[in-house]
Amino acid sequence: MDPLDGQVRQVFFLDTPDLALFEQGVVARARRVQGKGDDSVVKLRPVVPSELSADLRALPGFGVEVDAMPGGYVCSASMKGKPKADVRGTISDGEPLRKLFSKPQRAFYADHAPDGVELDDLSVLGPIFVLKLKFSPKRLDRRLVAELWLYPDGSRVLELSTKCVPSEAFQVAAEVRAFLADCGIEATGEQQPKTRKALDFFSAELAAMPGGSV
């Protein structure tokens, strides 16, 4: 993998200083993506797919994912959108953060966020730079996605992932695990969630600023 082939992304998380959203399973994020423009998402994790209404599932930009990792899996629901407002300008100019989210996203947020915590009340945590690279190893007949998260303290998290339909999950997991083992990568090592690490870092940074509190 050549990092110069990667797509540059700049990610901003939105939460309270004490991470009240995340603790309730809600993630609000705005992102700048090289060559694709800005996007935003409101994510709820975990969810029980059968409890999601048909009307919600039918909305454009809404999706349900199952993330499987060594030791378990979790279902999440996301409402994605393309903000009409510029992410960089909105944040740097101190404009209302609700401008970064569509009406369906704001409604999804309101249904699941803690009472009394509005989008415009949130703090901006970030940005963090991410390199994303899609590649197909010769020894694996499957495309992988690598995301390298570069934290301001010099630490890094590398995430390797692939997608498949649910019926192929066990077969694909075995194939990828064998491939990683051949590469000398231990798939049973400690997993470090990249979102949680980013939120903890920037929350602590915010608390250390003059007037900051958690």
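The values are calculated or read from the model by the stated rules, or taken from the named source; none is laboratory data. All of these numbers come straight from a predicted model, not from anything done at the bench. Here Cβ is always computed from backbone atoms with ideal geometry, including for glycine, and neighbour counts include all displayed protein chains.
Quick check, is Gly37 free of Cβ contacts under 8 Å to residues at least 24 places away in the same chain and surrounded by fewer than 17 Cβ atoms within 10 Å (Cβ to Cβ)? Taking the combined requirement at face value, the residue does not satisfy it. For region 14-65, the candidate set comprises residues that are β-branched (Val, Ile, Thr) and not in a loop (DSSP other than H, G, I, E, B); within that set, the residue that is nearest to Leu206 (Cα to Cα) is Val27.
Total residues in region 66-98 satisfying the condition of being in a strand (DSSP E or B), more than 24 Å from Phe129 (Cα to Cα) and of a type outside the set (Gly, Ala, Ser): the figure is 4. Do we have Leu125 as touching an Asp or Glu at 6+ places or on another chain (Cβ under 7 Å), surrounded by 16 or more Cβ atoms within 10 Å (Cβ to Cβ) and either on the phi < 0 side of the Ramachandran plot or among the hydroxyl-bearing types (Ser, Thr, Tyr) (or both) here? When the stated conditions are applied, Leu125 passes them.
If the condition is being at pLDDT below 90 and in contact with a helix residue (DSSP H, G or I) (Cβ under 6 Å, 6 or more places away or on another chain), then region 165-212 contributes Ala187, Gly212.
Cβ-Cβ contacts under 6 Å between residues 6 or more apart (or on different chains), taken from a first residue in region 82-100 that is free of Cβ contacts under 8 Å to residues at least 60 places away in the same chain and at negative phi to a second residue that is small (Gly, Ala, Ser) and assigned to a loop (DSSP other than H, G, I, E, B), are listed as Lys99/Ala85. Within region 58-81, work out how many residues are touching a residue at least 40 places away in the same chain (Cβ under 8 Å), touching a strand residue (DSSP E or B) at 6+ places or on another chain (Cβ under 6 Å) and of a type in the set (A, V, I, L, M). The number of residues fulfilling the criteria is 1.
Considering (1) closer than 25 Å to Pro3 by Cα; (2) in contact (Cβ under 8 Å) with a residue 12 or more places away in the chain, the lone condition that Lys138 does not fulfil carries the number (2).
Residues in region 11-38 that are over 12 Å from the mean Cα position of the chain (by Cα) and on the phi < 0 side of the Ramachandran plot: 13 in all. The residues of region 1-13 that are assigned to a loop (DSSP other than H, G, I, E, B) and surrounded by 16 or more Cβ atoms within 10 Å (Cβ to Cβ) amount to a single one, Gly6. The set of residues in region 119-135 being touching a residue at least 40 places away in the same chain (Cβ under 8 Å) and either of a type in the set (Phe, Trp, Tyr) or over 19 Å from Arg9 (Cβ atoms) (or both) consists of Leu119, Asp121, Leu122, Ser123, Phe129, Phe135. Tell me whether region 3-11 contains one or more residues that are at pLDDT 95 or above, out of contact with any Gly (no Cβ under 6 Å at 6 or more places or on another chain), farther than 20 Å from Lys134 by Cα and of a type in the set (Lys, Arg). Checked against the condition, which is being at pLDDT 95 or above, out of contact with any Gly (no Cβ under 6 Å at 6 or more places or on another chain), farther than 20 Å from Lys134 by Cα and of a type in the set (Lys, Arg), region 3-11 yields no hits at all. Counting only helices (runs of 4 or more DSSP H) that fall entirely inside region 99-214 and contain at least 3 residues that are within 22 Å of the chain's Cα centre (by Cα) and closer than 22 Å to Asp39 by Cβ, the qualifying elements are 103-112, 194-208.
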